[in-house]
Amino acid sequence: MAIHIFQAAKYAGAYTDWSKSNLELQKIIYIAHMLHIGRSDGPLVDGLFQAWHLGPVHPDLYHRAKVFGADPVRNIFRTFDVDESASEIVSLSDTLKTVSDYSGSKLVAITHWEQGAWYKNYIPGEKHTIIPNSDIREEYENRVARAQSGR
């Protein structure tokens, strides 16, 4: 069962001491979503990511956090409880341990991978192109295969 995108944002924000921008939160949660889909056969968060110019974006999170611009997102998710034992939060925590120190540009580079779901679905100038979870699963599988081949 997926968690609400704002629960994921609240957990990621707290984990990073509310130091991440909207763009960075988007990419971190997307990476966790991809890993969770690949490892558990289900989505991390509800709703669908879209292929925007700067990578995968969850529109609900974007619109909630856009008031911060490029500044760190503050805790605007207080009403969303987080069950830290949920498998989705465990997946998000595992991802955060790896990527929470990455810069926004490094996170964008990761999500713009030419064999990835964003790249497959991005249409220049379009903002609302859905990235199907099946394409995100395929990205996970491509990344695993690449890692196993040593490339």
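Summary table below
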read-out	value
Candidate aspartates and glutamates for bridging to K66, where Cα separation is under 19 Å - those fewer than 8 sequence places away on the same chain excluded	D17, E24, E126
Placed amide H near W52: partners under 5 Å, 5+ positions off or other chain	V57
Whole-Hz ³J(HN,Hα) from phi, Karplus 6.51 cos²θ - 1.76 cosθ + 1.60, for the stretch 41-51, glycine and proline x	6, x, x, 6, 10, 6, x, 10, 7, 10, 8
Neighbour count of at most 16 Cβ within 10 Å plus DSSP loop: longest GluC sites (Glu not before Pro)-free window in the chain	1-83
Modelled FRET efficiency - R0 22 Å, W113 with I76, Cβ distances, 0.05 increments	0.15
Heavy-atom surface of the stretch 32-151, accessible at 1.4 Å and reported per residue (Å²)	55 Å²
Sparsely packed trypsin sites (Lys or Arg not before Pro) within the stretch 11-104, loop by DSSP, other Cβ within 10 Å at most 13	R74, R78
Percent accessible area from carbon and sulfur atoms, the chain, protein chains only, probe 1.4 Å	51 percent
Anisotropy class of the stretch 93-151 from Cα gyration tensor, a/c 1.5 cut	oblate
Overall dimensions of the stretch 24-66 by Cα: Rg and Dmax, Å	10.3, 31
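The values are calculated or read from the model by the stated rules, or taken from the named source; none is laboratory data. Not measured: the values here are computed from a predicted model. Please note: Cβ atoms are built from the backbone with ideal geometry, for glycine as well, and neighbour counts cover all protein chains shown. The protein model used for the area step is the full one, side chains on, heavy atoms only, and it has no ligands, DNA or RNA in it. Shrake-Rupley method; radii C 1.70, N 1.55, O 1.52, S 1.80 Å.
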